[in-house]
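**Q** First the structure, which I've put down as structure tokens, then a few questions once you've had a look.
The values are calculated or read from the model by the stated rules, or taken from the named source; none is laboratory data. Values in this document were obtained by computation on a predicted structure and should not be read as measured data. Cβ atoms come from the backbone with ideal geometry, glycine included; neighbour counts cover every protein chain shown. Surface areas here come from the heavy atoms of the whole protein model, side chains and all, with no ligands, DNA or RNA. Shrake-Rupley method; radii C 1.70, N 1.55, O 1.52, S 1.80 Å.
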Amino acid sequence: MPLGDEPARADRSLDENARRRRADELLIQAAEGSLTTEFYSPIPPGYRRGRTKYVAVLGTVMSGLGKGIFAASAAKLLKDKGLVVAPIKMEGYLNIDSGTLNPYRHGEVFVLDDGTECDMDLGTYERLLAQNLSRRNFTTSGQIFSEVLERERLGDYLGRDVQMIPHVTGEVKRKLRELAMDGDGSGRPADVVFVEVGGTVGDYENGFYIEALRELAFEEGPRSVCFVALTYVIEAKVLGEQKSKAAQLGIQRLMEAGIQPHLIACRCDNPVTGQALQKIAMYSNVPLRRVFSMHDRESIYLIPEEMRRDGLDREILSVLELHDRADMGQEDRERERWRTFVRGLTGEPEHTIRIALAGKYTDLADAYASIDKAIEHCAANLRARIQVERFDTTNLSEARIAQELAEVDAAIVPGGFGTRGVEGKLAVVKHCRTTGLPYLGICLGFQVAVIEFARNVLGIQDAASTEFEPNTKNPLISELPDQKKIEGLGGSMRLGAQDVILNPDSLASFLYAGKSSIRERFRHRYEVDPNYIQQLNDAGLHFTGRHPAQPIMQVLELSQPGHDEQEQGPTHPFFIAAQFHPELTSRPLEPQPLFMGLCAAAIARRVALGPRPGQPETPKEISNTVKRWLRTPRKRTQPA
């Protein structure tokens, strides 16, 4: 045996001896201590009981009531007062994350900065709190069970039969306390952790979460946990009145689990009547002042201010005895900033535009929730009414595309996986490129823009992606070699925040206020094949955003008229696409630049064309707010 192998073998022997000693120690500990206590409630080092408070939001009657919107709105109210808040969504399904869930089953998959693929409610938290979240803010039954089983294999429970109580519930409490220590990621522990339990009280899959919260409230002590029951008041048109019996029975089910709610939020189409609120208060042992109507609003962004008006934030502070931590001066400042946004959202619009959203999940509103919200942020900041027209690309063809898109002012082709609807997306791209209709491509929308340009400008008729045609001779889009080495579904995905280097003097750089580097979130597997980049660029499709070190193209655009005297290829008023997902980072008070550019270009187009038949006159002048997002053509250099 070569001499060089001796140290490695010695190291392995030491490792094996260490493992045996550790196993012996665990067996001794198990023999001596495993029967001394039934308690198992892990406490992270440095954790102080009672320092962090918890608000647990639980749903009754049925799912889909908006627990995430309620929890995010309440958390915003406390954050506005200067408190450090940290939300967490606890899902009952056995998937490790949301990455493989079909949008038709569970809405869009939201991606966090650290690459966590999670529930769309995390997007609601990020937008309302203006706060980036991480894997600590999301968990599933699959994660919890996996961690318990891993600990069991490592010997952490030696001598004990591992059970749902106390070990699984103990793991839930560990996660909540670790999040309390981590806080908002700024180094400060959380004043309040908001816990949203997915599903409905009475579901088998979330029962252990509810039990863990009951245990947490007992262990943390009085005034440490505020339980909120979100319920549903039925308003059947045939009856002509609101019925609260289902809500009463749902709350009763929660009380049977050992939890007495402190607040009750009643969902309904219309404001809940005083009579219904009184019945719910009486049957749930909750004071009437803590039973709130959470009826439908025009926008979720109106909810925080209406919650504040009803005094919900003060009741939470009272339950948790947190009034002394509130900074009322900061609240006034934050409140005025939010009011400015809301005024833009609800005020009389200066412009009305229509944007086509051309994807294959258009039947389900939640499939493109983040795109809808990004557009709503633009509408408020640009003082515009933006109507989103959804087009199922499965049913779109090049022969009908001009007719289908005749009434829109811009188009978005979003991300997606699989071959269905791709030809329809290619038809949308071609129509936008050849007619001057403003275009924004996202992820797959970036890739089909490359394929369309290659087919119809470069003349590569069989240009394709290996995702759709694995054996294509011209793979304009393919999986890069380094990615192909990674095994497993989802393993080769580029996930989370990545740096993007922008070309100076590009449309992308202009929209990002002249920045040379930005950070955006990705969720994709396929890239532009480097072998075609120069050919595409020479023909006029410019890659103006790239990976800092690798030949990975991340932003493309067509030159705008009057901005490049040397341009020999096609020009376009606004044609840009990104491999990343810009919608994931849009915030109400900080709208996403690519979306703002698209909406401003659509407004400029509509002003130039004039109002549609039957619509009121629109301003002939574009406001300065809109002009900020429109590039002024350069003055041409006069020949000597």
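**Q** Run the numbers on the chain and let me know its relative contact order in percent, using alpha-carbon pairs under 8 Å that are six or more apart.
**A** Result for the chain is 13 percent.
**Q** Further question on the same structure: Which of the trypsin sites (Lys or Arg not before Pro) across the range 285-363 are loop residues per DSSP, with 16 or fewer other Cβ within 10 Å?
**A** Arg297
**Q** Net charge around Gln579, counting only other residues with Cβ within less than 14 Å of its Cβ (Lys, Arg = +1; Asp, Glu = -1)? Write down the numbers at each step before the final one.
**A** Working: positive: Arg494, Arg519, Arg521, Arg523, Arg525, Arg546; negative: Glu467, Glu479, Asp499, Glu520, Glu527, Asp529, Glu557, Glu583.
Summing Lys/Arg as +1 and Asp/Glu as -1 gives -2.
**Q** Which value in nm describes the separation of the simple spin-label points at Ala236 and Glu621, placed 7 Å from the Cα toward the beta carbon?
**A** That separation, rounded to one decimal, is 5.8 nm.
**Q** Would you list, by chain and number, the aspartates and glutamates whose Cα falls below 13 Å from the Cα of Lys515, excluding same-chain residues fewer than 8 positions away?
**A** Reachable aspartates and glutamates: Asp499, Asp505.
**Q** Whole-Hz ³J(HN,Hα) for each residue in the range 82-89, computed from phi via Karplus 6.51 cos²θ - 1.76 cosθ + 1.60 with θ = phi - 60°, x for glycine and proline: what do you get?
**A** Rounded to whole hertz, the list is x, 7, 8, 10, 9, x, 8, 9.
**Q** Over 31 Å between Cα atoms, which of Lys373/Lys425; Lys173/Lys243; Lys89/Lys430 qualify?
**A** Lys173/Lys243; Lys89/Lys430
**Q** If you average 1/r over all unlike Cα pairs in the chain and invert the result, what Kirkwood radius do you get in angstrom?
**A** Working: mean 1/r = 0.0366 Å⁻¹.
The answer is 27.3 Å.
**Q** Report the extension gain between Ala513 and Thr466 in nm, rounded to one decimal, defined as 0.36 nm multiplied by the number of residues separating them, less their alpha carbon distance.
**A** 13.4 nm
**Q** A follow-up question, please. Looking at the chain, identify the longest residue range that excludes and avoids all chymotrypsin sites (Phe, Trp or Tyr not before Pro) in DSSP loops having at most 12 other Cβ atoms within 10 Å.
**A** 205-640
**Q** What value, in deg cm²/dmol to 500, does the helix sum -39500 (n - 2.57) over DSSP H runs of n ≥ 4 give at 222 nm once divided by the residues of the chain?
**A** The per-residue figure over the chain is -11500 deg cm²/dmol.
**Q** Where Lys and Arg each count +1 and Asp and Glu each count -1, what net charge lies around Met120 among other residues with Cβ under 9 Å from its Cβ?
**A** -4
**Q** For the pair Asp324/Glu423, report the inter-label distance in nm, with labels modelled 7 Å from Cα in the Cβ direction.
**A** Distance between the two pseudo-spin positions: 7.1 nm.
**Q** Expressed as a whole percentage, what fraction of the accessible surface of the chain belongs to carbon and sulfur atoms when a 1.4 Å probe is rolled over the protein heavy atoms?
**A** Carbon and sulfur: 50 percent of the exposed surface of the chain.
**Q** Rg to Rh for the range 146-287: what is it, with Cα atoms only and Rh by Kirkwood?
**A** On the way: Rg = 18.7 Å, Rh = 17.5 Å.
With Rg and the Kirkwood Rh in hand, the quotient comes to 1.07.
**Q** Counting other C-beta atoms within 10 Å, and keeping those with at most 11, which DSSP coil GluC sites (Glu not before Pro) do you find in the range 565-604? If you can, show how the numbers build up before the last one.
**A** On the way: sites: Glu565, Glu567, Glu583; in loops: Glu565, Glu567.
Taking the range 565-604 and a limit of 11 other Cβ atoms within 10 Å, the loop GluC sites (Glu not before Pro) found are Glu565.
**Q** So what is the relative contact order of the range 42-174, in percent, for Cα pairs below 8 Å that sit 6 or more residues apart?
**A** 26 percent
**Q** Suppose all protein chains stay in the model; what accessible area per residue would a 1.4 Å probe give for the chain, in Å²?
**A** For the chain, the per-residue accessible area is 45 Å².
**Q** State the extension gain, in nm to one decimal, for the chain segment bounded by Phe39 and Thr571, taking 0.36 nm per residue of separation less the distance between their alpha-carbons. Provide the component values of the computation, followed by the final result.
**A** Values: separation 532, 0.36 × 532 = 191.52 nm, distance 6.99 nm.
Between Phe39 and Thr571, full extension yields 184.5 nm more.
**Q** Something else about it: Which residues in the range 39-70 have a backbone N closer than 14 Å to a point placed 7 Å from the Cα of Asp156 along the Cα-to-Cβ line?
**A** Of the residues in the range 39-70, 40-45 have backbone N under 14 Å from the label point off Asp156.
**Q** Here's a follow-up. What distance in nm lies between label points placed 7 Å from Cα along the C-beta direction at Thr340 and Ala281?
**A** Reported label-point gap for Thr340 and Ala281 is 3.8 nm.
**Q** Another question about this same structure. Please report the spacing between the Cα centers of the range 546-608 and the range 323-400 in Å, no decimals.
**A** 19 Å
**Q** I would also like to ask the following. Going by Cβ distance under 4.7 Å, what cysteines of the chain have no possible disulfide partner?
**A** Cys with no partner Cβ under 4.7 Å: Cys118, Cys226, Cys266, Cys268, Cys432, Cys443.
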